[in-house]
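The values are calculated or read from the model by the stated rules, or taken from the named source; none is laboratory data. For clarity, every value in this text was computed on a predicted model and none was experimentally measured. Heads up, the Cβs are rebuilt from the backbone with ideal geometry, glycines too, and the neighbour counts pull from every protein chain shown.
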Amino acid sequence: MAFGAGSISKSFTAALVFQLAEEGRLSLDDQLHEWLPDYPNIDSEITIRQLLGHTGGIFSVEDHATFWPAVFTDGTRVWTDDQLLTAFQAEPLSARGTEWHYSNTGYPIFTPPDCSRPAADPPTWRPAST
């Protein structure tokens, strides 16, 4: 990791997802299986809305007992989402939509494939209501 952005990246991710929803490129009620491969211990029927609202029940990988020792063993290693979810994902904390649990894992796993835009079509940041 070159630098830590902390949880502010969740706000940027949510803003982008809301903009994509407004443009009709995705729906907040789309389920993860429509966008992502299946991962162990992650319910593929969690919706984007549940993911953004921390109600998907997803375990936060940094809470896994072996996560921090593995990170500190090689502080220069860059982990892919697949590696993180394979090595450190545990059973869900709750059934999707039933409880709120802060989860750092939910945001980085969701990057819809069509988020990339051609250079001629840069994102425009504007209030969603306009």
If you check Val78 against the conditions, is it at pLDDT below 85 and β-branched (Val, Ile, Thr)? yes
Taking His33 and the conditions (1) touching a residue at least 40 places away in the same chain (Cβ under 8 Å); (2) closer than 30 Å to Glu22 by Cβ, which numbered condition does it fall short on, given that it satisfies the others? (1)
Among the residues of region 27-74, what is the count of those that are touching a Pro at 6+ places or on another chain (Cβ under 9 Å), of a type in the set (Val, Ile, Thr) and surrounded by fewer than 17 Cβ atoms within 10 Å (Cβ to Cβ)? 0
Exactly one condition in (1) touching a helix residue (DSSP H, G or I) at 6+ places or on another chain (Cβ under 9 Å); (2) without any contact (Cβ under 8 Å) to a residue 60 or more places away in the chain; (3) assigned to a loop (DSSP other than H, G, I, E, B) is false for Leu51; which is it? (3)
Could you list all residues from region 15-30 that are free of Cβ contacts under 8 Å to residues at least 60 places away in the same chain, within 21 Å of Gly57 (Cα to Cα) and either among the charged types (D, E, K, R) or not in a loop (DSSP other than H, G, I, E, B) (or both)? Asp29, Asp30
Among the residues of region 47-75, which ones are within 23 Å of Ile8 (Cβ to Cβ) and among the hydrophobic types (A, V, I, L, M, F, W, C)? Ile48, Leu51, Leu52, Ile58, Phe59, Val61, Phe67, Trp68, Val71
Region 55-71, subset more than 8 Å from Thr105 (Cα to Cα) and assigned to a loop (DSSP other than H, G, I, E, B), residue nearest to the chain's Cα centre (by Cα): Gly56
By residue number, the members of region 76-111 that are more than 19 Å from Ser9 (Cα to Cα) and charged (D, E, K, R) are Arg77, Asp82, Glu91, Arg96, Glu99
Quick one: Pro118 ticks every box in (1) over 21 Å from Ser7 (Cα atoms); (2) at pLDDT below 90; (3) of a type outside the set (A, V, I, L, M, F, W, C); (4) not in a loop (DSSP other than H, G, I, E, B) bar one, so which box is it? (4)
Specify which of the listed residues (Pro112, Pro108) is within 16 Å of Ser44 (Cα to Cα), modelled with pLDDT under 65 and either under 15 Å from the mean Cα position of the chain (by Cα) or among the charged types (D, E, K, R) (or both). Pro112
Can you name the residue in region 31-48 that is assigned to a helix (DSSP H, G or I) and aliphatic (A, V, I, L, M) and, of all such residues, is nearest to Leu85 (Cα to Cα)? Leu32
